[in-house]
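Participant: Before anything else, here's the structure in question.
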Amino acid sequence: MHNESDRLQPLFDSTFAHLRRARESGTPHLVLQEIGVITSVATGIAKVAGLPGVGFEEVLKFPGPVYGIAFNIDEEEIGVVLLGDYSQLNAGDEVTRSGHVVDVPVGDRLIGRIINPMGRPLDGKGSVVSGTRLPIERTAPHIMDRAPVTVPLQTGIKVIDALIPIGRGQRELIIGDRQTGKTAIALDTIINQRGKNVLCVYCAIGQRASDVAKVVAALREKGALDYTVVVVTEGNDPPGLAYIAPYAATSIAEHFMAQGRDVLVVYDDLTQHARAYRELSLLLRRPPGREAFPGDIFYIHSRLLERATHLRPELGGGSLTALPIIETEAQDIAGDLKLAYAQFEELETFTRFGARLDEHTRQIIEHGRRIRACLKQAEFAPVSVAAQITILLALTDGLFDNVPLEQVSAAELALHEAATRIPTEVSARFDVTEKLSPEDRNAMIEIARTALEPFQDQSKIKEAS
């Protein structure tokens, strides 16, 4: 036994010598870390004390882990907007700083994915792997970094592309009452970008889960999800997530714009965003303004939409087109339009009973009815630029005037098919700023005239002759 101890003693001595040298050479490093505590928790917010060095909009980490944004920085406490499930948070829980602001993953790996504003997947396809992240709050491009908007972004909706053309890099508001088709316009625009080298970002803000599911199903059915990123906050999510959603979606779009690509972003809708911001502001005791909205409600939307632009060629020439959606209260704005249209219908009804209408007045009414019939359009059925121009030229040239109203839809479909036969040298000018020559117009009118020939009411043609 004594011999075995003698053999092990050198091994023990060597081991303890190594430990002693390691202890003597090692120098402890102290890391200074600020730790605060929760003083109170309310719906979507928390009050925190004990973080003297925190910065505005810095991300704070709560137990769970739950993250929050330092929104109000007062002398005694911090008002924090929570970005996750806060049901397990209690007064006295520890809070730590992150040292950075809220950011979101960006890049091609997001295309075709459905995520929340924090970049977490909602489509069951696994985590989003991206080596690049951008802050959700970024400065809008300077004036000297912007280029004129010259290239159109076609919605595929005849009445919009004809009367309210949208350019790549533009901001165009979609406003209306509930259930008037605002989202349908935005979805048609996204669907119409297929094959046009335009990436899309659809941002659902505080929407019902069933409505979001319908939108995603429509995009998937039309093949539009292949070039679209969907950022979602549902109605039961914390108001903090709804607040940061449009900013996160814009940063995702800006990454593609910086690469020289054209991007379309849809905010559906900013009314829900304003309500979420109002809720947070009231909970944080910020001074309310009109209808209890905070005084900077217009500023937070203007700084968001100012990020939409067309960059100079030296900066890649990319563009970001924004289509914000706003829901109005019933009989606020849309009510006037409805009243004007009702008056028109009454006038139209009255003229039907006029026994002594002159021929010119009758022709104007018949022409107007055919314009109205041609501008009707089914949902999720975008129309190509060539077909739109052909239809509008046929209308302005009176080619539909002798087509019976019940056959206008069929005649319009015939023009869709005829538009595919427009010469390439003519159709190439549709997507540029170059105007159509009189010869181009005449060639298209002849194509339309030939396509509409089978639908003409021969009796009316004989009367006119």
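The values are calculated or read from the model by the stated rules, or taken from the named source; none is laboratory data. Note that the structure is a prediction, hence the values are computed from the model and not measured. So basically every Cβ, Gly included, is an ideal-geometry build from the backbone, and we count neighbours across all protein chains shown.
Participant: Since Val129 meets every condition but one in (1) crowded, with 16+ Cβ neighbours inside 10 Å; (2) touching a Lys or Arg at 6+ places or on another chain (Cβ under 7 Å), which condition does it not meet?
Facilitator: All conditions are met except number (1).
Participant: Also, quick follow-up: Just one of (1) surrounded by fewer than 17 Cβ atoms within 10 Å (Cβ to Cβ); (2) in a helix (DSSP H, G or I); (3) of a type outside the set (Ser, Thr, Tyr) trips up Asp188, so point out which.
Facilitator: (1) is the only condition that Asp188 fails.
Participant: So which of Arg109, Arg133 ends up being assigned to a strand (DSSP E or B), assigned by TED's automatic domain parsing to the domain that holds Ile205, free of Cβ contacts under 8 Å to residues at least 40 places away in the same chain and basic (Lys, Arg)?
Facilitator: The match here is Arg133.
Participant: Restricting to segment 288-314, name every residue that is assigned to a helix (DSSP H, G or I) and surrounded by 14 or more Cβ atoms within 10 Å (Cβ to Cβ).
Facilitator: Result: Ile297, Ile300, His301, Arg303, Leu304, Leu305.
Participant: Answer yes or no: is there a residue in segment 238-245 that is of a type outside the set (Ser, Thr, Tyr) and over 29 Å from Val128 (Cα atoms).
Facilitator: no
Participant: Hey, among Gly206, Gly235, which residue is surrounded by fewer than 21 Cβ atoms within 10 Å (Cβ to Cβ), assigned by TED's automatic domain parsing to the domain that holds Ala186 and under 17 Å from Ala274 (Cα atoms)?
Facilitator: It is Gly235.
Participant: While we're here: Of Val159, Val129, Val104, Val95, which residue is within 30 Å of Arg429 (Cα to Cα) and among the aliphatic types (A, V, I, L, M)?
Facilitator: One residue alone meets the criteria, Val159.
Participant: Here are some residues: Val149, Val212, Val128. Which one is aliphatic (A, V, I, L, M), in a loop (DSSP other than H, G, I, E, B) and free of Cβ contacts under 8 Å to residues at least 24 places away in the same chain?
Facilitator: None of the other options fit; the residue is Val128.
Participant: Of everything in segment 391-427, what is surrounded by fewer than 21 Cβ atoms within 10 Å (Cβ to Cβ), assigned to a helix (DSSP H, G or I) and among the β-branched types (Val, Ile, Thr)? Give them in sequence order.
Facilitator: Passing the criteria: Thr396, Val408, Thr424, Val426.
Participant: Residue check: is Glu406 closer than 19 Å to Lys376 by Cα, acidic (Asp, Glu), modelled with pLDDT of 90 or more and within 34 Å of the chain's Cα centre (by Cα)?
Facilitator: For Glu406, the condition - closer than 19 Å to Lys376 by Cα, acidic (Asp, Glu), modelled with pLDDT of 90 or more and within 34 Å of the chain's Cα centre (by Cα) - is not met.
Participant: Next up: Check whether at least one residue in segment 432-449 is at pLDDT 85 or above, within 21 Å of Lys376 (Cβ to Cβ) and in the same structural domain as Arg369 (by TED's automatic domain parsing), and report yes or no.
Facilitator: Yes, some residue in segment 432-449 is at pLDDT 85 or above, within 21 Å of Lys376 (Cβ to Cβ) and in the same structural domain as Arg369 (by TED's automatic domain parsing).
Participant: Now a separate question. What are the residues in segment 235-258 that are closer than 23 Å to Ile297 by Cβ, in a loop (DSSP other than H, G, I, E, B) and not acidic (Asp, Glu), if any?
Facilitator: Listed by number, the residues that qualify are Gly235, Pro238.
Yes/no per residue for (1) crowded, with 22+ Cβ neighbours inside 10 Å; (2) touching a Leu at 6+ places or on another chain (Cβ under 8 Å):
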| site | (1), (2) |
| --- | --- |
| Ala91 | no, no |
| Val95 | yes, yes |
| His100 | no, no |
| Pro105 | yes, no |
| Asp108 | no, no |
| Ile111 | no, yes |
| Met118 | no, yes |
| Leu122 | no, no |
